[in-house]
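*Asks:* Here you go, one structure.
The values are calculated or read from the model by the stated rules, or taken from the named source; none is laboratory data. Since this is a predicted model, take the numbers as computed values, not measurements. Here the Cβ is made from the backbone with ideal geometry for all residues, glycine too, and neighbour counts use every protein chain on show. For accessibility, only protein heavy atoms count, side chains too; no ligands or nucleic acids. Shrake-Rupley method; radii C 1.70, N 1.55, O 1.52, S 1.80 Å.
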Amino acid sequence: MKNQNKTKTRIVFVLPALTAGGAERVLITLMNGLDRTRFDPAFITISDEGPMQDLIDPQIPFHNLRGNRAKLYLKLKELKPNIIVSTMAPMNFMVLLLKPLFPKTRFIVREAITPDFILQRHPLIAPLLKIAYRVLYKRADLVISPAQIIIDGFKSDLNMACENHVVLRNPVDIEKIRASEDEVF
(Lines give C-alpha, C1' and ligand atoms only; values in the text may rest on other atoms or scores of the structure.)
Protein backbone atom coordinates (compact mmCIF):
# COMPACT_ATOMS: atom_id res chain seq x y z
CA MET A 1 0.00 0.00 0.00
CA LYS A 2 1.33 3.43 -0.96
CA ASN A 3 2.09 6.02 1.65
CA GLN A 4 -0.98 8.25 1.90
CA ASN A 5 1.03 11.07 3.52
CA LYS A 6 3.48 11.42 0.67
CA THR A 7 3.55 15.00 -0.56
CA LYS A 8 2.76 15.68 -4.17
CA THR A 9 5.34 17.15 -6.51
CA ARG A 10 4.52 20.82 -7.12
CA ILE A 11 4.96 21.62 -10.83
CA VAL A 12 4.57 25.19 -12.01
CA PHE A 13 3.97 25.76 -15.72
CA VAL A 14 4.94 29.18 -17.12
CA LEU A 15 3.80 30.83 -20.35
CA PRO A 16 4.26 34.37 -21.61
CA ALA A 17 0.63 34.66 -22.75
CA LEU A 18 -2.44 32.63 -23.67
CA THR A 19 -2.32 33.23 -27.39
CA ALA A 20 -3.72 30.53 -29.64
CA GLY A 21 -0.47 28.87 -30.58
CA GLY A 22 0.68 25.28 -30.66
CA ALA A 23 3.31 25.70 -27.93
CA GLU A 24 0.73 27.11 -25.53
CA ARG A 25 -1.75 24.35 -26.34
CA VAL A 26 0.87 21.62 -25.84
CA LEU A 27 1.99 22.97 -22.47
CA ILE A 28 -1.60 23.29 -21.24
CA THR A 29 -2.42 19.76 -22.47
CA LEU A 30 0.64 18.36 -20.65
CA MET A 31 -0.34 20.20 -17.47
CA ASN A 32 -4.01 19.14 -17.62
CA GLY A 33 -2.99 15.50 -18.15
CA LEU A 34 -0.87 15.19 -15.00
CA ASP A 35 -1.81 12.53 -12.47
CA ARG A 36 -3.22 14.64 -9.60
CA THR A 37 -2.52 11.89 -7.07
CA ARG A 38 1.20 12.46 -7.67
CA PHE A 39 1.44 16.05 -8.92
CA ASP A 40 0.17 19.42 -7.75
CA PRO A 41 0.19 21.68 -10.83
CA ALA A 42 -0.06 25.46 -10.92
CA PHE A 43 -0.02 27.80 -13.90
CA ILE A 44 1.57 31.22 -14.32
CA THR A 45 1.17 33.52 -17.29
CA ILE A 46 2.92 36.84 -17.70
CA SER A 47 -0.09 38.19 -19.60
CA ASP A 48 -3.59 36.79 -19.92
CA GLU A 49 -3.86 37.96 -23.51
CA GLY A 50 -5.31 35.31 -25.77
CA PRO A 51 -8.20 32.84 -25.81
CA MET A 52 -6.51 29.79 -24.28
CA GLN A 53 -7.53 30.29 -20.63
CA ASP A 54 -10.65 28.21 -21.25
CA LEU A 55 -8.44 25.19 -21.97
CA ILE A 56 -6.87 25.25 -18.49
CA ASP A 57 -8.42 22.78 -16.08
CA PRO A 58 -10.39 24.99 -13.65
CA GLN A 59 -9.01 22.99 -10.71
CA ILE A 60 -5.46 24.15 -11.51
CA PRO A 61 -4.53 27.41 -9.75
CA PHE A 62 -4.06 30.16 -12.34
CA HIS A 63 -1.78 33.15 -11.65
CA ASN A 64 -1.74 36.10 -14.03
CA LEU A 65 1.15 38.53 -13.55
CA ARG A 66 -0.67 41.20 -15.61
CA GLY A 67 2.32 41.89 -17.83
CA ASN A 68 4.76 42.40 -14.96
CA ARG A 69 7.69 40.06 -15.68
CA ALA A 70 9.44 41.21 -12.52
CA LYS A 71 6.75 39.47 -10.43
CA LEU A 72 7.72 36.06 -11.82
CA TYR A 73 10.44 35.54 -9.22
CA LEU A 74 8.13 36.52 -6.36
CA LYS A 75 5.31 34.27 -7.57
CA LEU A 76 7.66 31.31 -7.99
CA LYS A 77 9.09 31.93 -4.52
CA GLU A 78 5.55 31.96 -3.12
CA LEU A 79 4.53 28.74 -4.93
CA LYS A 80 7.72 26.84 -3.95
CA PRO A 81 7.81 24.55 -6.99
CA ASN A 82 9.73 21.29 -7.13
CA ILE A 83 9.72 21.62 -10.93
CA ILE A 84 9.25 24.58 -13.28
CA VAL A 85 8.22 23.93 -16.88
CA SER A 86 8.23 26.57 -19.62
CA THR A 87 8.11 26.70 -23.39
CA MET A 88 9.28 29.05 -26.15
CA ALA A 89 12.80 30.48 -26.17
CA PRO A 90 12.16 33.94 -24.67
CA MET A 91 10.22 32.45 -21.74
CA ASN A 92 12.77 29.68 -21.35
CA PHE A 93 15.58 32.24 -21.19
CA MET A 94 13.75 34.22 -18.52
CA VAL A 95 13.01 31.16 -16.39
CA LEU A 96 16.53 29.77 -16.71
CA LEU A 97 17.99 33.11 -15.59
CA LEU A 98 16.16 32.49 -12.29
CA LYS A 99 17.59 28.99 -11.79
CA PRO A 100 20.43 30.04 -9.45
CA LEU A 101 17.79 31.50 -7.11
CA PHE A 102 15.98 28.14 -6.88
CA PRO A 103 18.76 25.60 -6.23
CA LYS A 104 16.40 22.79 -5.16
CA THR A 105 14.03 23.22 -8.10
CA ARG A 106 14.31 21.26 -11.35
CA PHE A 107 13.92 23.29 -14.54
CA ILE A 108 12.40 21.76 -17.67
CA VAL A 109 12.16 23.81 -20.83
CA ARG A 110 10.40 22.84 -24.02
CA GLU A 111 11.71 23.91 -27.40
CA ALA A 112 9.38 23.26 -30.31
CA ILE A 113 11.33 24.84 -33.17
CA THR A 114 14.88 24.67 -34.40
CA PRO A 115 17.20 27.41 -33.16
CA ASP A 116 18.02 28.24 -36.78
CA PHE A 117 14.41 29.32 -37.31
CA ILE A 118 14.63 31.85 -34.48
CA LEU A 119 18.09 33.03 -35.50
CA GLN A 120 16.89 33.71 -39.05
CA ARG A 121 13.82 35.60 -37.82
CA HIS A 122 15.96 37.85 -35.60
CA PRO A 123 19.22 38.42 -37.48
CA LEU A 124 20.13 41.62 -35.62
CA ILE A 125 20.23 39.86 -32.27
CA ALA A 126 21.22 36.40 -33.53
CA PRO A 127 24.67 36.54 -31.88
CA LEU A 128 23.04 37.35 -28.54
CA LEU A 129 20.47 34.58 -29.00
CA LYS A 130 23.24 32.08 -29.72
CA ILE A 131 24.93 32.99 -26.45
CA ALA A 132 21.65 32.76 -24.56
CA TYR A 133 20.95 29.30 -25.98
CA ARG A 134 24.46 28.02 -25.25
CA VAL A 135 24.68 29.39 -21.73
CA LEU A 136 21.12 29.10 -20.48
CA TYR A 137 19.95 25.82 -22.03
CA LYS A 138 22.93 24.16 -20.38
CA ARG A 139 21.38 25.15 -17.04
CA ALA A 140 18.15 23.29 -17.73
CA ASP A 141 17.74 19.98 -16.01
CA LEU A 142 15.91 18.84 -19.12
CA VAL A 143 15.18 20.30 -22.56
CA ILE A 144 12.28 18.57 -24.27
CA SER A 145 11.50 18.81 -27.96
CA PRO A 146 8.76 17.10 -29.98
CA ALA A 147 11.18 15.86 -32.67
CA GLN A 148 14.79 14.76 -33.01
CA ILE A 149 15.36 17.28 -35.82
CA ILE A 150 15.08 20.09 -33.26
CA ILE A 151 17.76 18.54 -31.06
CA ASP A 152 19.89 17.97 -34.15
CA GLY A 153 19.50 21.69 -34.91
CA PHE A 154 20.98 22.60 -31.53
CA LYS A 155 23.91 20.31 -32.27
CA SER A 156 24.55 21.56 -35.82
CA ASP A 157 23.56 25.25 -35.59
CA LEU A 158 24.93 25.98 -32.12
CA ASN A 159 27.52 23.23 -31.62
CA MET A 160 25.85 22.19 -28.37
CA ALA A 161 26.38 18.77 -26.76
CA CYS A 162 22.65 18.42 -25.96
CA GLU A 163 23.22 15.90 -23.17
CA ASN A 164 20.15 17.24 -21.36
CA HIS A 165 17.88 17.17 -24.46
CA VAL A 166 15.22 14.51 -25.03
CA VAL A 167 12.38 13.94 -27.45
CA LEU A 168 8.86 14.09 -26.00
CA ARG A 169 6.23 13.90 -28.69
CA ASN A 170 3.36 16.38 -28.55
CA PRO A 171 0.43 15.07 -26.53
CA VAL A 172 -2.91 14.42 -28.13
CA ASP A 173 -6.14 15.09 -26.25
CA ILE A 174 -8.15 12.07 -27.43
CA GLU A 175 -11.27 13.03 -25.45
CA LYS A 176 -11.41 16.48 -27.03
CA ILE A 177 -10.96 15.00 -30.52
CA ARG A 178 -13.75 12.48 -29.93
CA ALA A 179 -16.02 15.23 -28.57
CA SER A 180 -15.46 17.35 -31.69
CA GLU A 181 -16.16 14.30 -33.89
CA ASP A 182 -19.51 13.89 -32.13
CA GLU A 183 -20.34 17.54 -32.87
CA VAL A 184 -19.52 17.13 -36.57
CA PHE A 185 -21.37 13.85 -37.05
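*Asks:* Would you confirm whether or not the stretch 9-16 contains a residue that is hydrophobic (A, V, I, L, M, F, W, C) and at pLDDT below 90? Outline the logic, then answer.
*Replies:* First, the residues of the stretch 9-16 that are hydrophobic (A, V, I, L, M, F, W, C): 11-15.
Checking which are at pLDDT below 90 leaves us with none.
Taking every residue of the stretch 9-16 in turn, none turns out to be hydrophobic (A, V, I, L, M, F, W, C) and at pLDDT below 90.
*Asks:* So residue 54 clears everything in (1) charged (D, E, K, R); (2) modelled with pLDDT of 95 or more; (3) on the phi < 0 side of the Ramachandran plot except one condition, right? Which one?
*Replies:* (2)
*Asks:* Right, something else. May I ask you to list pairs of residues, at least six apart or on different chains, whose Cβ atoms are under 6 Å apart, with the first in the stretch 151-171 being in a loop (DSSP other than H, G, I, E, B) and the second being open to solvent by 70 Å² or more (accessible area, probe 1.4 Å)?
*Replies:* Going by the 6 Å Cβ cut-off, the qualifying pairs are 162/155.
*Asks:* Restricting attention to the stretch 133-150, which residues are in a helix (DSSP H, G or I), under 16 Å from residue 117 (Cβ atoms) and either touching a residue at least 40 places away in the same chain (Cβ under 8 Å) or open to solvent by less than 20 Å² (accessible area, probe 1.4 Å) (or both)? First the steps, then the outcome.
*Replies:* In the first step, residues of the stretch 133-150 are kept if they are in a helix (DSSP H, G or I); the result is 133-139, 148-150.
Still in the list and also under 16 Å from residue 117 (Cβ atoms): 133, 137, 148-150.
If the condition is that a residue be in a helix (DSSP H, G or I), under 16 Å from residue 117 (Cβ atoms) and either touching a residue at least 40 places away in the same chain (Cβ under 8 Å) or open to solvent by less than 20 Å² (accessible area, probe 1.4 Å) (or both), then 133, 137, 150 are the ones that fit.
*Asks:* Could you go through the stretch 44-51 and let me know if any residue there is among the hydroxyl-bearing types (Ser, Thr, Tyr), within 17 Å of the chain's Cα centre (by Cα) and open to solvent by 40 Å² or more (accessible area, probe 1.4 Å).
*Replies:* Kept after step one, since they are among the hydroxyl-bearing types (Ser, Thr, Tyr), are these residues of the stretch 44-51: 45, 47.
The next check asks that each one be within 17 Å of the chain's Cα centre (by Cα); those that pass are 45, 47.
Then drop every residue that is not open to solvent by 40 Å² or more (accessible area, probe 1.4 Å), which leaves none.
No: the stretch 44-51 contains no residue that is among the hydroxyl-bearing types (Ser, Thr, Tyr), within 17 Å of the chain's Cα centre (by Cα) and open to solvent by 40 Å² or more (accessible area, probe 1.4 Å).
*Asks:* Count, please, the residues in the stretch 34-43 that happen to be surrounded by 14 or more Cβ atoms within 10 Å (Cβ to Cβ) and not small (Gly, Ala, Ser).
*Replies:* To start, the set of residues in the stretch 34-43 that are surrounded by 14 or more Cβ atoms within 10 Å (Cβ to Cβ) comprises 34, 39-43.
Subsequent filtering for residues that are not small (Gly, Ala, Ser) retains 34, 39-41, 43.
Looking only at that region, the number is 5.
*Asks:* Something else: Output the residues belonging to the stretch 60-92 that are among the aromatic types (Phe, Trp, Tyr) and under 19 Å from residue 26 (Cα atoms).
*Replies:* In the first step, residues of the stretch 60-92 are kept if they are among the aromatic types (Phe, Trp, Tyr); the result is 62, 73.
Within the stretch 60-92, just 62 meets the criteria.
*Asks:* Within the stretch 59-66, can one find any residue that is open to solvent by 10 Å² or more (accessible area, probe 1.4 Å) and either among the hydroxyl-bearing types (Ser, Thr, Tyr) or under 25 Å from residue 150 (Cβ atoms) (or both)?
*Replies:* Looking through the stretch 59-66, none of the residues is open to solvent by 10 Å² or more (accessible area, probe 1.4 Å) and either among the hydroxyl-bearing types (Ser, Thr, Tyr) or under 25 Å from residue 150 (Cβ atoms) (or both).
*Asks:* Moving on to the next point. What single numbered condition from (1) open to solvent by 70 Å² or more (accessible area, probe 1.4 Å); (2) under 14 Å from the mean Cα position of the chain (by Cα); (3) not aromatic (Phe, Trp, Tyr) fails to hold for residue 80?
*Replies:* (2)
*Asks:* While we're looking at this one, here's another question. Could you please let me know if residue 69 is closer than 19 Å to residue 144 by Cα and modelled with pLDDT under 95? Give the steps one after another, and end with the answer.
*Replies:* Values: closer than 19 Å to residue 144 by Cα: no; modelled with pLDDT under 95: yes.
When the stated conditions are applied, residue 69 does not pass them.
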